[in-house]
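Enquirer: To start, I am sharing the structure in question, which I have written as structure tokens.
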Amino acid sequence: MKALITGNEAVSIAVKLARVEVIATYPITPQTNISEKLSLYCSRGEMDADFIKVESEHSAMATLVGAASTGVRTFTATSSQGLALMHELLHWASGARLPIVMANVNRALGAPWNIWCDHSDSLSQRDTGWLQFYCESCQEVLDTVLIAFRVAETVSTPAMVMLDGFILSHTAEPVDIPEQEMVDKFLPRQKPLAPIDPKDPHTLHAVTGPDYFMEFKEKQYEAARRAEQAAREVSVEFAKIFGRNYPLTEGFMCDDAETVIVAAGTSAGTCRYVVRKLREQGRKVGLMRVRTFRPFPFEEVNSLLAAAKRVAVLDQAVSPGSEGVLFQEVKASLYESAGGRPAVYGFVSGLGGRDIVPEYIEEMIEKVENSGKEKLDRVNWLGLKK
């Protein structure tokens, strides 16, 4: 069935289709519509789920850690300061190997106070052990929530699905909503790793000393690494059932490109427009969109970018005292390239909801292609007011 829905509605519909059993959310702009819609589904009996009203995002994640420990399918949604408030419990959920799925509607972190989009909230949580998927369209949002449940439950690791605040969350697009029977075939009831069972009592997440703590973390690390192959396999199966394919990275006109842009989220659409325009002018430019930031697909990124002469990484988050966050990962991917590697340049734009317009992307291309004449900084800002 086709429907004109927003990204937030796409999340809510996907959660209903996934037959989630426990939901705990706390409203925050621009995520609030997700919580509202799910509470309506539950109150009307359209979902057989417990909707738990909590007093904060910290409590929401604590509630789901408990619920997921019993083996039920769980979900939450948040944005910005709400995600930051969850930080402590994000580590707990991943260390406990609980396949919780969360939608994070990307929004800038204060101060100064801001309700518009950038990726600082989710990228600041990159080391919490959660899988991270970044979406470009409302259709991709719905599909990726379903994929995230399947991958998370395959490797017993929690997952975040990112959609850009307002740009996707409040914009309506035509979306193909799958039939419940098809979703049930793709996403059957999970088989939890070690659920709480009164008939088989055991200790969960207990104090662990130096003699075993590292072994727990090694298993957690290996699970996140296995998620890369699991995500590929799940995406292939999803494509067979639903006809839509979602690779970890997406190359666009990269085969003979001398300059490749790297982006994540909705900014990739603007980059794609610029690439087409420059191709019509005979310039060898391409785009690589990163869908999966954790686990980061190092070998795949290396394969797509190694033959280029120049790589321009567009970040919507910056690490003060260092550089763009996506930029760091791309450079690490290319470090072991055989036979040399392309020059990699980092750019930051779109913070706090600043529009990333085609002129900024064209400026970025001009700067990297003229880098021999003008030395670029470690962080190059696009669209700053003079």
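The values are calculated or read from the model by the stated rules, or taken from the named source; none is laboratory data. Just so you know, these numbers come straight off a predicted model, no measurement behind them. Note that we place each Cβ from the backbone using ideal geometry, even for glycine, and neighbour counts take in every protein chain shown.
Enquirer: For residues in the range 124-146 being touching a Gly at 6+ places or on another chain (Cβ under 7 Å) and not in a loop (DSSP other than H, G, I, E, B), which is surrounded by the fewest Cβ atoms within 10 Å (Cβ to Cβ)?
Expert: It comes out as CYS138.
Enquirer: Is it the case that GLU9 is buried (at least 18 other Cβ atoms within 10 Å of the Cβ), farther than 26 Å from CYS117 by Cβ and assigned by TED's automatic domain parsing to the domain that holds ILE100?
Expert: Criteria not met by GLU9.
Enquirer: Answer yes if at least one residue in the range 61-83 is over 19 Å from the mean Cα position of the chain (by Cα) and under 24 Å from CYS117 (Cβ atoms), and no otherwise.
Expert: no
Enquirer: How many residues are among the β-branched types (Val, Ile, Thr) and assigned to a loop (DSSP other than H, G, I, E, B) when one looks only at the range 335-357?
Expert: 2
Enquirer: Within the set of pairs 6+ apart or on separate chains, which have a first residue in the range 178-199 that is closer than 19 Å to PHE238 by Cα and assigned by TED's automatic domain parsing to the domain that holds GLY95, a second that is among the charged types (D, E, K, R) and assigned to a helix (DSSP H, G or I), and C-beta atoms under 7 Å apart?
Expert: Within 7 Å, the pairs are PHE186/ARG150; PHE186/GLU237; LEU187/ARG150; GLN190/GLU153.
Enquirer: Is it the case, given these coordinates, that SER371 is more than 25 Å from the chain's Cα centre (by Cα), under 21 Å from PRO295 (Cβ atoms) and not β-branched (Val, Ile, Thr)?
Expert: Working: more than 25 Å from the chain's Cα centre (by Cα): yes; under 21 Å from PRO295 (Cβ atoms): no; not β-branched (Val, Ile, Thr): yes.
It is false that SER371 is more than 25 Å from the chain's Cα centre (by Cα), under 21 Å from PRO295 (Cβ atoms) and not β-branched (Val, Ile, Thr).
Enquirer: Looking only at the range 309-341, count every residue that is touching a strand residue (DSSP E or B) at 6+ places or on another chain (Cβ under 8 Å) and crowded, with 16+ Cβ neighbours inside 10 Å and tell me the total.
Expert: Here the count works out to 18.
Enquirer: On to the next question. Out of the range 358-386, which residues are among the hydrophobic types (A, V, I, L, M, F, W, C), touching a Ser or Thr at 6+ places or on another chain (Cβ under 7 Å) and in a loop (DSSP other than H, G, I, E, B)?
Expert: LEU382
Enquirer: Would you point out which residue out of GLU258, GLU181, GLU233, GLU218 is loosely packed, with under 14 Cβ neighbours inside 10 Å, over 29 Å from GLY7 (Cβ atoms) and not polar (S, T, N, Q)?
Expert: Every option except GLU218 fails the conditions.
Enquirer: Taking into account only those residues within the range 161-187 that are acidic (Asp, Glu) and assigned to a strand (DSSP E or B), which is nearest to VAL15 (Cα to Cα)?
Expert: The selected residue is ASP176.
Enquirer: Where the second residue is surrounded by fewer than 21 Cβ atoms within 10 Å (Cβ to Cβ) and of a type in the set (D, E, K, R) and the first is closer than 16 Å to GLU300 by Cα and lies in the range 326-352, which pairs have Cβ atoms under 7 Å and are six or more apart or on separate chains?
Expert: LEU334/ARG341; PRO342/LYS309; PRO342/ARG310
Enquirer: Give the residues of the range 1-39 that are of a type in the set (A, V, I, L, M), under 18 Å from SER169 (Cα atoms) and touching an Asp or Glu at 6+ places or on another chain (Cβ under 9 Å), sorted by residue number.
Expert: Residues satisfying the conditions are ALA3, LEU4, ILE5, ALA10, ALA14, ILE28, ILE34.
Enquirer: Out of ILE100, ILE52, I need the residue that is at pLDDT 95 or above, β-branched (Val, Ile, Thr), under 24 Å from TYR221 (Cβ atoms) and assigned by TED's automatic domain parsing to the domain that holds LEU163. Which one?
Expert: ILE100
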